[in-house]
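Step one of this worksheet: look at the structure below.
The values are calculated or read from the model by the stated rules, or taken from the named source; none is laboratory data. Please read all numbers here as calculations on a predicted model, not as lab measurements. So basically every Cβ, Gly included, is an ideal-geometry build from the backbone, and we count neighbours across all protein chains shown.
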Amino acid sequence: MNREVFQVSQFGRRVGTRSEGEAARAKLLEVLQALPDDGQLVVDLEGVEVLAGSFADELISKSLGLLVSGVYGDRTMVVSSPSEELTEGLSDKLTQRNLAMLCLQRPTGRKWRIVGQLADPHIETLQLIFDRGETTAKALAEILGIPPNACHQRLKRLVELRLILQDRVGASAPKTLYQFRPIL
Amino acid sequence: MTHPLPAGYTHRPATLDDAERVTQLWNDRTETVRGERPFEPRLIKQRWNHPKFDLKTDSRMVLAPDGSLVGYAHVRDVKDPPVDVFAGYTVRPDHDDADWLWEHLFAWLDKEARRVIPKAPADARIALVAGTESEDKTEQERLESFGFEHERTFHRMKITFADTSLSPPDWPEGITVRGFVRGVDDEALVIATQDAFRDHYGFIEQPIEAELAELRHWLAEDDFDAELWNLACEGEEIAGFCACLAEAPGEPDHGVVDVIGVRPAWHRRGLGRALLHHAFAVFAERGIRGAVLTVDTDNKHGAPTLYEKVGMRRIRSNLTYVKELRPGVNRVMKQGISSRSSRRRRRVRASPSSLLRNAYNPAMQLTIAGIEETLKAVRVEGDTTLDLRSVRDADPFGLVVLDLLMRQQDEQGERLQILRPVHPPTIRWMQAMGLFTRPGLRAPDPDVAEALQPITPIEDEGAIMDLVDRFDARLDQRYTLDDSPRFTLIRFMIELFQNIPQHSNATGSVADAHGIAAMHDFPDGIVLAIADKGIGMRESLSLRGETFESDADALDAIVHRGLSRFVDPGRGAELMRISKMIRSWDGTLAIRTGHALFYHDPTQGGDIYDVAPFPGVQIALVIPHRVFGICESASENGRAERVDEPGEAWFNGADE
């Protein structure tokens, strides 16, 4: 996977206002656009002391909104933060926009948590996908002990949010078969 | 109506000749409760001789058929304004079960206390205040059955010098101590006392003349001892004071630290401790074996801790009970702030005579509410005269308002005549906040106390981060702070400052915003005050197509629902979040726009009130020092204690 790290600290240790976030977003989207279609952008907060919600909303939430809308193909975006507190403002803004994203402890690490709004059943499903690697909806439904339709709904939401990726593995009419895999 | 007495029992007012038997009655009860007989006739005579106390109307004795005294009560209406009436009462222990006696005395107290109502301000809350010892469960039950509620606890603390090693006083730099000079220092001491106790429980702002009359009454008493009254001064100004008595009731070998106070400008410099050590040294020199004092257990400045640190220990507790006789605006300090008796929305009116009285921000005790109305009321021959002479104190929030008004006056080409405060600390404070730095308003005294950040214009959105850094740097210079709350405050500042260009005007242009902010270190905590004279919240929300019937409804939508003028779902909710965080910190938040004020503090909770109108938005946060890790001892030397951050929960990725 092609991974690019976008350092927020380039805009300062303490960021900032909406207008500054808006200017920073233009830079971020350039980097995102330059990634290959399956690339991943890690928005790294290392070196940042204060991330105001307004700046985070302009830079990250709005960029994620564009990503989720599909204009950047299968690219994904995660945030990396040395502390939970630093992402509080971001998490609030993502929640306001009904969005969620993975937050890594380190840019190259694999420990993650969710920032923004994601219901517990979805987090449970996401955790399972990270534990299993590639898997199918049927297998997940059996493990989770839920009806297949319910599992499909959860997976659909996770795919929408670019928290997992889905790969078409074949078609047996009338259904299309997919596999799901973590983005890390 | 006073409850009738059984046949043979009579009642009458006390006379001075009854001091002995009333004292005996009080001692009989105290001996039953805690085995001591501490009172002497001279103590009750001191109360009875008060110039505002009239034995004929203010006391009642109940006598048994054999002429013995079984009950006594008095009301003391000695404050100006008479909003708290103090009740004294006692019942002979063998009559504890006599419901009729308690009812008779409490009904009489209630009836007599209500005499003050015609004399009190029409909108003021009137309360009857009574005390009891914590061991006297009978009195507590009786008080509660008559509608009193326990409001405060005071500790009696004691030190016996033989049990501890006394330290010599360590006076802060620039402080000297001298004796009080009767007839010379009276007024200065009254001013210093008001300044020191303004945010203490039970404080009532009285006219200087009333305070002086009361002081002179106590100075005329036999137990006044000038050598035991000491003033800590910086230059000619009283920074702190300590008034002692040579004999404690019931403990003639112990002195009493009767009144000790430090003015806010000298807080956290060890002055209180030095005054205590000085008092102990004077007692010891006289052969007095120890000292006692009484302290409010919820004293917001940590006085009980200080007293423990100097070796004092609690020996008993006294409870204060309060019964509300008439609801209204509370003029008395409660829990360290001036509280409201009612959670209902209320309209606060300002009048010229009550200029700068607290109206919308009780936490800061005295603010500049109602200035707009006052200005209208005192216009003289086309000039606008703002009479600040009676102002005793002003907080950044109020100064922000004043600054805005001065700008408006300037822009409208009007001349604003300001009659400056006569209270020296207030002048210095206003100077420190930059109020008198504009031409023609410079005060003559160049000795300016430092504020954390003087009133600062917010005129350039691009400079907001620099401005935030400047505020933070001023705080950082004063204290070493915990990172977490410090960074949270920075986030607050970023959001609040940029609200001015983003939300306060119809165009979104910062040029129309006219915002200002200030920060100060108050005894309550760090105060951040922000204001703009934009279009206000109601008008701002109308830009998203929503109509609100009142400013209060608009404010409610913003503070409680997170609504914003922008339809974009990512916008807004910051004030809601800040409000939540301030609550979790036990801080105070005031947001004022138009006719509405949202006010929240830890004791009163939060509500929206109708207040005098203000065009634009004003916001004030008070964040307690301990939130930043600043403790009393730490703040004395500018260092803060840190708290370990809580652990964080992470999920493991597939490969780890």
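Points to keep in mind about this one:
- Qualifying residue in the stretch A:132-155 (condition: closer than 29 Å to A:Q7 by Cα, touching a strand residue (DSSP E or B) at 6+ places or on another chain (Cβ under 9 Å) and facing another protein chain (nearest Cβ under 9 Å)): yes
- In the stretch A:65-79, the residue that is nearest to the other protein chains (Cβ to nearest Cβ) out of those that are surrounded by fewer than 24 Cβ atoms within 10 Å (Cβ to Cβ) and free of Cβ contacts under 8 Å to residues at least 40 places away in the same chain is A:G65.
- All of A:S83, A:S9 fail the test of being surrounded by fewer than 17 Cβ atoms within 10 Å (Cβ to Cβ), of a type in the set (S, T, Y) and within 12 Å of chain B (Cβ to nearest Cβ), apart from A:S83.
- Residue match in the stretch B:270-287 (condition: more than 18 Å from the chain's Cα centre (by Cα), more than 20 Å from B:D170 (Cα to Cα) and not in a strand (DSSP E or B)): yes
- Hits in the stretch B:89-123 (condition: of a type in the set (G, A, S) and in contact with a Pro (Cβ under 6 Å, 6 or more places away or on another chain)): B:A120
- Summed over the stretch A:12-39, residues that are surrounded by fewer than 22 Cβ atoms within 10 Å (Cβ to Cβ) and among the polar types (S, T, N, Q) total 2.
- Within the stretch A:104-115, considering residues that are more than 9 Å from chain B (Cβ to nearest Cβ) and in contact with a strand residue (DSSP E or B) (Cβ under 8 Å, 6 or more places away or on another chain), the one nearest to A:Q7 (Cα to Cα): A:P107
- Being under 24 Å from B:P249 (Cα atoms) and either assigned by TED's automatic domain parsing to the domain that holds B:A239 or in contact with a helix residue (DSSP H, G or I) (Cβ under 7 Å, 6 or more places away or on another chain) (or both) holds for only one residue in B:D170, B:D185, B:D136, and it is B:D136.
Residue by residue, here is whether (1) touching a Leu at 6+ places or on another chain (Cβ under 9 Å); (2) touching a residue at least 12 places away in the same chain (Cβ under 8 Å); (3) part of a helix (DSSP H, G or I); (4) within 14 Å of chain B (Cβ to nearest Cβ) holds:
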position: A:G21; (1), (2), (3), (4): yes, yes, yes, yes
position: A:R25; (1), (2), (3), (4): yes, yes, yes, yes
position: A:E30; (1), (2), (3), (4): no, no, yes, no
position: A:Q33; (1), (2), (3), (4): no, yes, yes, no
position: A:V42; (1), (2), (3), (4): yes, yes, no, yes
position: A:G47; (1), (2), (3), (4): no, yes, no, yes
position: A:S54; (1), (2), (3), (4): no, yes, yes, yes
position: A:S63; (1), (2), (3), (4): yes, yes, yes, yes
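- Flag for A:A119 being away from every other protein chain (no Cβ under 14 Å) and crowded, with 17+ Cβ neighbours inside 10 Å: no
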